[in-house]
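Colleague: The structure follows.
The values are calculated or read from the model by the stated rules, or taken from the named source; none is laboratory data. Computed from a predicted structure; not experimentally measured. Neighbour counts run over all protein chains shown; Cβ positions are idealised from the backbone, glycine included.
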Amino acid sequence: METLSLLGNGLAIAVQPMNLLFALVGVILGTAVGVLPGIGPAMTVALLLPITFKMDPAGSLIMFAGIYYGGMYGGSTTSILLNTPGESSSIVTALEGNRMARAGRGGAALATAAIGSFVAGTIATALLTIFAPFLAEVAIAFGPEDYFALMLVAFITVSATFGSSRLRGLTSLAIGLTLGLVGIDKLTGQARLSFGVPDLLDGLEVTTVAVAMFAVGEAMAVASQKGGADDGKVEPIRGSLWMTKEDWKRSWLPWLRGTAFGFPIGALPAGGAEVPTFLSYATEKRLSKHPEEFGHGAIEGVAGPEAANNASAAGTLVPLLTLGIPTSATAAIMLAGFQQYNLQPGPLLFVTSADVVWGLIASLFIANTMLIVLNLPLVGLWVRLLSIPRPWLYGGILVFATVGVLAAKGSLVELTLVLVLGLLAFAMRRFDYPIAPVVVGMILGPMAETQLRRALQISNGDATVLLTSPISATLLVVAVVALFGPLLWARLGWRMKSDED
Amino acid sequence: MSGGGGTGADRPVIAIGAGLIAVAAIVFWQSWALRASFGSQTLGPQMMPFLVSLLLLLFGSLTVVAGWKGTFPTREEADWTSVAWITGGLAVMILLIKTAGFVPACALLFASTARAFGSRRALVDVGIGGLMAAVVYLFFVRLLGLSLPSGFTESLF
């Protein structure tokens, strides 16, 4: 009951004309960057940080969340019509969606993706509304040692548990932690890794690192592919956008199952939106009554993963808002967005800034409704974005990206950092290193350090406090399992296979 | 250039591992002075850099081993000219932005990126990039009131 009245207050804030406008701008930008390859929600939010610096916190955060949700919708359009995913969370959608489009059922594929995203987004946002206050209440009892252990879990799951290589994931994380060290130490005022450059004393700007990692690194990686850049052919939208009775019958269960994968995996620090989409696709393939259609355009293979990626976006907001723990690159940059207004996400946020939190949550329902209108009847407009020639698209992305960096801090040091870190990001992509752990490590690393030092200060330097607190000890066990579990499972799976032989 | 796949040493990967170890050494060396001013206190500002440099050393060593064994995924042949065009575009922008100005610097970045993606109409690209940069400049500086670095061209506005 209390939650409902708080949500009611939030709704009153969310429907203020300025906030509705922020939500609309957010979902439009989000859909656009979701549709366009080469630019995603994480970088878009990072570019907007310097511009929104002086604006109203609630409005800006509503816009950021709209971008996050919108990116999940827009990515599916590109996957279905171009067979090139607009976002990594839409890779699976391309498998069946593009086949459907080629077979003249593009309309139905777009419809099941958009309606599934709406259904999943709404259910998952409702779950967020129910669970977030509960979790915030539990988290109030957390001491600094518990937070440190929790951040350790987030570090390991984001970098090591689900990626293609634990060594590369953890190396990316270590690079992120190193970048996070640069600047003045908050507790003692000592300069670290600044090499006497005054510009580095404030630490690295989130915008600078995000632009280098995502825009410049991605542009270089795509440009370096020989001959691979010009094979994209946009399928025209054929077939009605109205789903048939059969389509509905085959879609609704995958939507719900996709939500069931997406929300918890997004909420547990478990590495973003890709994992639940893969799980959903595999499940639908196994459960389908038409397994022969998979690979030739099965509607379940679009409905499930698209529901999963939207539900995971809502799930990601649970640990972000209640614990201050980001579990994806976009969430990490949103955390930086909160911090620029001196808002610290965590249990206290629900007490000290209840208006902002509940206004944000309520606006998510509104954003979802706006998005289905933007993405279904107006899908034809977004498709035109795909006809921008690649050279101009990437040229434009780099110009806007560098302008965003210069707006944050107009110095040549920042531009030089963009170039150097951009080359680093290109090398990382080339050698298959994941990028998200760099961003999470850079933003969460200094916070983890503060919590650890605070815990050790309270215990007079006794590190066993990490093991004597039951919450922290449990979380450390979880961290160890997350680090070595996949190895164990792989070995067991291998043994089981060899038994069968 | 394509390495790995379990067939002997993968030299670029060994180089990455060596690079990580070098960064570990730099982090350690830069933080040594912090230790001096804070004594043996475990809570000092040097604790985290030491931990991070330990991680970098560990992962760097493991990467060297992986490179030696050639266990990294194989890489496709890269189009280095395109990478050079983007790198050059950014470098020229850094050189020009405070002299010739924001608009020409952005125009050249736009055109060189377009070139990296296969465009052959350099003059058209410079024109589009310049127009885009001028609009962005006026929007940011006049409308949003943010400051952007400017040079000779912007003094004409």
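Colleague: Is it the case that the stretch A:433-442 has a residue that's within 11 Å of chain B (Cβ to nearest Cβ), surrounded by fewer than 23 Cβ atoms within 10 Å (Cβ to Cβ) and β-branched (Val, Ile, Thr)?
Modeller: The answer is no, given that none of the residues of the stretch A:433-442 is within 11 Å of chain B (Cβ to nearest Cβ), surrounded by fewer than 23 Cβ atoms within 10 Å (Cβ to Cβ) and β-branched (Val, Ile, Thr).
Colleague: Test residue A:473 against the stated conditions and say whether it is within 14 Å of chain B (Cβ to nearest Cβ) and either at pLDDT below 90 or farther than 26 Å from residue B:80 by Cβ (or both).
Modeller: Details: within 14 Å of chain B (Cβ to nearest Cβ): no; either at pLDDT below 90 or farther than 26 Å from residue B:80 by Cβ (or both): yes.
So residue A:473 fails the test.
Colleague: Taking interchain pairs and intrachain pairs at least six residues apart, which have beta carbon atoms under 7 angstrom, with the first residue in the stretch A:116-130 and more than 15 Å from residue A:68 (Cβ to Cβ) and the second among the charged types (D, E, K, R) and part of a helix (DSSP H, G or I)?
Modeller: Taking only residues 6 or more apart or on different chains, the pairs are A:116/A:306.
Colleague: If a residue must be facing chain A (nearest Cβ under 8 Å), under 28 Å from residue B:141 (Cβ atoms) and hydrophobic (A, V, I, L, M, F, W, C), how many such residues does the stretch B:103-124 contain?
Modeller: So the count comes out to 5.
Residues are listed down the side, and each one gets a yes or a no for (1) over 21 Å from residue A:40 (Cβ atoms); (2) within 14 Å of chain B (Cβ to nearest Cβ); (3) charged (D, E, K, R):
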site	(1), (2), (3)
A:358	yes, no, no
A:368	no, no, no
A:384	no, no, yes
A:399	no, yes, no
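Colleague: Being aliphatic (A, V, I, L, M) and surrounded by fewer than 22 Cβ atoms within 10 Å (Cβ to Cβ) narrows it down to one of A:303, A:221, A:212, so name that one.
Modeller: Details: A:303 fails: surrounded by fewer than 22 Cβ atoms within 10 Å (Cβ to Cβ); A:212 fails: surrounded by fewer than 22 Cβ atoms within 10 Å (Cβ to Cβ).
Checking each option against the conditions leaves just A:221.
Colleague: Please report, ordered by residue number, the helices (runs of 4 or more DSSP H) entirely within the stretch A:220-329 with at least 3 residues that are touching a residue at least 40 places away in the same chain (Cβ under 8 Å) and among the polar types (S, T, N, Q). Please lay out each step first, then the result.
Modeller: Working: elements: A:245-267, A:274-287, A:300-323.
Answer list for the stretch A:220-329: A:300-323.
Colleague: Please give the helices (runs of 4 or more DSSP H) falling wholly within the stretch A:349-389 in which 2 or more residues are crowded, with 20+ Cβ neighbours inside 10 Å and under 20 Å from the mean Cα position of the chain (by Cα). Full working, then the answer.
Modeller: Details: elements: A:349-352, A:354-375, A:379-385.
Filter on the stretch A:349-389 gives A:354-375.
Colleague: Next question. Out of the stretch B:69-81, which residues are touching a Gly at 6+ places or on another chain (Cβ under 9 Å) and either assigned to a helix (DSSP H, G or I) or of a type in the set (D, E, K, R) (or both)? Step through it out loud before you land on a result.
Modeller: Residues of the stretch B:69-81 touching a Gly at 6+ places or on another chain (Cβ under 9 Å): B:69-76, B:79.
Across the stretch B:69-81, the qualifying residues are B:69, B:75, B:76, B:79.
Colleague: Also, quick follow-up: Pick out the one residue from A:91, A:67, A:51, A:13 that is among the β-branched types (Val, Ile, Thr), closer than 22 Å to residue A:403 by Cα and either surrounded by fewer than 24 Cβ atoms within 10 Å (Cβ to Cβ) or within 14 Å of chain B (Cβ to nearest Cβ) (or both). Break it down stepwise before answering.
Modeller: Working: A:91 fails: closer than 22 Å to residue A:403 by Cα; A:67 fails: either surrounded by fewer than 24 Cβ atoms within 10 Å (Cβ to Cβ) or within 14 Å of chain B (Cβ to nearest Cβ) (or both); A:13 fails: closer than 22 Å to residue A:403 by Cα.
Result of the check over A:91, A:67, A:51, A:13: A:51.
Colleague: Could you check, for the stretch B:116-129, whether at least one of its residues is under 20 Å from the mean Cα position of the chain (by Cα), buried (at least 18 other Cβ atoms within 10 Å of the Cβ) and hydrophobic (A, V, I, L, M, F, W, C)? Explain how you work it out, then say what you get.
Modeller: If we filter the stretch B:116-129 for residues that are under 20 Å from the mean Cα position of the chain (by Cα), which is where we start, we get B:116-117.
Now restrict to residues that are buried (at least 18 other Cβ atoms within 10 Å of the Cβ): B:116-117.
From what's left, hydrophobic (A, V, I, L, M, F, W, C): B:116-117.
Scanning the stretch B:116-129 turns up at least one residue that is under 20 Å from the mean Cα position of the chain (by Cα), buried (at least 18 other Cβ atoms within 10 Å of the Cβ) and hydrophobic (A, V, I, L, M, F, W, C).
Colleague: In addition: So, residue B:111, is that one within 27 Å of residue A:218 (Cα to Cα), at pLDDT 95 or above, within 22 Å of the chain's Cα centre (by Cα) and not assigned by TED's automatic domain parsing to the domain that holds residue B:150 or not?
Modeller: Details: within 27 Å of residue A:218 (Cα to Cα): yes; at pLDDT 95 or above: yes; within 22 Å of the chain's Cα centre (by Cα): yes; not assigned by TED's automatic domain parsing to the domain that holds residue B:150: no.
Spelling it out, it is not the case that residue B:111 is within 27 Å of residue A:218 (Cα to Cα), at pLDDT 95 or above, within 22 Å of the chain's Cα centre (by Cα) and not assigned by TED's automatic domain parsing to the domain that holds residue B:150.
Colleague: Just for the stretch B:89-102: of the residues that are part of a helix (DSSP H, G or I) and more than 18 Å from the chain's Cα centre (by Cα), which one is farthest from the other protein chains (Cβ to nearest Cβ)?
Modeller: Pass one, the stretch B:89-102, residues part of a helix (DSSP H, G or I): B:89-96, B:102.
Now narrow it down to the ones that are more than 18 Å from the chain's Cα centre (by Cα): B:96, B:102.
Numbers: B:96: 11, B:102: 8 Å.
So, considering only residues that are part of a helix (DSSP H, G or I) and more than 18 Å from the chain's Cα centre (by Cα), the one farthest from the other protein chains (Cβ to nearest Cβ) is B:96.
Colleague: Do you know which of the residues in the stretch B:38-88 that are among the β-branched types (Val, Ile, Thr) and at the interface with chain A (Cβ under 8 Å from one of its Cβ atoms) is nearest to residue B:107 (Cα to Cα)? Reasoning before the result, please.
Modeller: Just the residues of the stretch B:38-88 that are among the β-branched types (Val, Ile, Thr), to begin with: B:42, B:52, B:63-65, B:71, B:74, B:81, B:83, B:86-87.
The next check asks that each one be at the interface with chain A (Cβ under 8 Å from one of its Cβ atoms); those that pass are B:42, B:52, B:63, B:83, B:86-87.
Details: B:42: 52, B:52: 40, B:63: 40, B:83: 18, B:86: 13, B:87: 15 Å.
Among those residues, the one meeting the criterion is B:86.
Colleague: Give A:106, A:121, A:163 a once-over and let me know the one that is more than 30 Å from residue B:55 (Cα to Cα), at pLDDT below 90 and small (Gly, Ala, Ser). First the steps, then the outcome.
Modeller: Values: A:121 fails: at pLDDT below 90; A:163 fails: more than 30 Å from residue B:55 (Cα to Cα).
Checking each option against the conditions leaves just A:106.
Colleague: For the stretch A:452-474, name all the residues that are touching a residue at least 40 places away in the same chain (Cβ under 8 Å) and either of a type in the set (D, E, K, R) or buried (at least 22 other Cβ atoms within 10 Å of the Cβ) (or both).
Modeller: A:452, A:453, A:454, A:455, A:472 - these are the residues of the stretch A:452-474 that are touching a residue at least 40 places away in the same chain (Cβ under 8 Å) and either of a type in the set (D, E, K, R) or buried (at least 22 other Cβ atoms within 10 Å of the Cβ) (or both).
Colleague: Cβ-Cβ distance below 6 Å, separation of 6 or more or different chains: which pairs start in the stretch B:128-157 with a residue that is closer than 18 Å to residue B:111 by Cα and end on one that is part of a helix (DSSP H, G or I) and small (Gly, Ala, Ser)?
Modeller: So the pair list comes out as B:129/B:107; B:129/B:111; B:130/B:107; B:133/B:107.
Colleague: Does the stretch A:367-382 include one or more residues that are in contact with a Gly (Cβ under 7 Å, 6 or more places away or on another chain), on the phi > 0 side of the Ramachandran plot and not aromatic (Phe, Trp, Tyr)?
Modeller: No, because not a single residue in the stretch A:367-382 is in contact with a Gly (Cβ under 7 Å, 6 or more places away or on another chain), on the phi > 0 side of the Ramachandran plot and not aromatic (Phe, Trp, Tyr).
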